[in-house]
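Worksheet: the structure to be examined is printed underneath.
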Amino acid sequence: GENVEQHPSTLSVQEGDSAVIKCTYSDSASNYFPWYKQELGKGPQLIIDIRSNVGEKKDQRIAVTLNKTAKHFSLHITETQPEDSAVYFCAAMGSGGGGNKLTFGTGTQLKVEL
Amino acid sequence: DTAVSQTPKYLVTQMGNDKSIKCEQNLGHDTMYWYKQDSKKFLKIMFSYNNKELIINETVPNRFSPKSPDKAHLNLHINSLELGDSAVYFCASSQEGFFSGNTIYFGEGSWLTVV
């Protein structure tokens, strides 16, 4: 089955700096890679995703890159703000066939300090 | 309107009891899930249903039994609760198919504490 590793487990940055979270996956058949943000006491919320036919995707301050050859993908947050503080999860999904199985990374606790 | 709603949000119960968590989605999705998040924040899939049919069962103990009366509902019943069952349980849903997005939408979670 799929195995997703995520680093770092905790990340502290100053407001306005950039934050980068990296993930690797094991199953070369995986073709969909979402990133979720989980605030305290809430469920994970999708913030950005990327498919295997795309190398990079950007949405305002958030960008994701994918290297299929190396089987790794990264989340980049620029100009961080205090409200970006949360736990971020990467995930990888296979090609479906009934029941989209999403395998999550272990999460990164991001803290944006004033 | 909440897309994926689950109840109760908090549940404290004694070992050995039987409890249920209910989930409903109003997104018109075909697929629903239950995920478990442990104390270390690790999210792991438990079950997946597609149009009321069980698709994924990730070696969850038989004490956990999902029930899907229709494709908008997926309830989780837990029998003979154990201390190790304490966790946050997330219901989620998605629409099948690559071109539909595969995006999985999560509920707000149900905090289960077994004492």
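Data overview
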quantity: Translational diffusion of the stretch A:1-66, µm² s⁻¹ [Kirkwood Rh, Cα pairs; Stokes-Einstein; 4 °C; 1.567 mPa s]; calculated: 95
quantity: Heavy-atom accessible area, 1.4 Å probe, ligands and nucleic acids excluded: residues of the stretch B:53-80 down by at least 20 Å² from chain alone; calculated: B:Ile55, B:Ile56, B:Glu58
quantity: Threshold 50 Å², the stretch A:42-63 residues less accessible with all protein chains present than alone (1.4 Å probe); calculated: A:Pro44, A:Arg51
quantity: Number of partner chain Cβ atoms within 10 Å, mean per residue of B:31-39; calculated: 2
quantity: Translational diffusion of the protein assembly as shown, µm² s⁻¹ [Kirkwood Rh, Cα pairs; Stokes-Einstein; 20 °C; 1.002 mPa s]; calculated: 118
quantity: Surface share of carbon and sulfur [accessible, 1.4 angstrom probe, percent] for the stretch B:5-115; calculated: 53
quantity: Residue-normalised accessible area of chain A, expressed per residue, 1.4 Å probe, Å²; calculated: 47
quantity: Accessible area buried at the B-A interface, both sides summed, 1.4 Å probe (Å², nearest 100); calculated: 2000
quantity: Unsatisfied cross-links (Cα-Cα over 30 Å) in the set B:Lys22/B:Lys44; A:Lys37/B:Lys67; A:Lys42/B:Lys71; A:Lys101/B:Lys19; A:Lys68/B:Lys71; calculated: A:Lys68/B:Lys71
quantity: Two-decimal ratio, chain B, of alpha-carbon radius of gyration to 2.2 N^0.38 Å; calculated: 1.01
quantity: Convex hull of chain A built on C-alpha atoms - directionally averaged projected area, nm²; calculated: 6.9
quantity: Of all accessible heavy-atom area on chain A, the percent that carbon and sulfur account for (1.4 Å); calculated: 46
quantity: Centre separation in Å (Cα based) which lies between the stretch A:46-69 and the stretch B:16-31; calculated: 31
quantity: Accessible surface, per residue, of the stretch B:57-115 when the full set of protein chains is kept, probe 1.4 Å, Å²; calculated: 43
quantity: Rounded to whole Hz, the Karplus (6.51, -1.76, 1.60) HN-Hα couplings of the stretch B:52-66, x for glycine and proline; calculated: 6, 9, 5, 10, 10, 9, 8, 6, 8, x, 4, 5, 9, 9, x
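The values are calculated or read from the model by the stated rules, or taken from the named source; none is laboratory data. Source: prediction; values computed, not measured. Please note: Cβ atoms are built from the backbone with ideal geometry, for glycine as well, and neighbour counts cover all protein chains shown. For accessibility, only protein heavy atoms count, side chains too; no ligands or nucleic acids. Shrake-Rupley method; radii C 1.70, N 1.55, O 1.52, S 1.80 Å.
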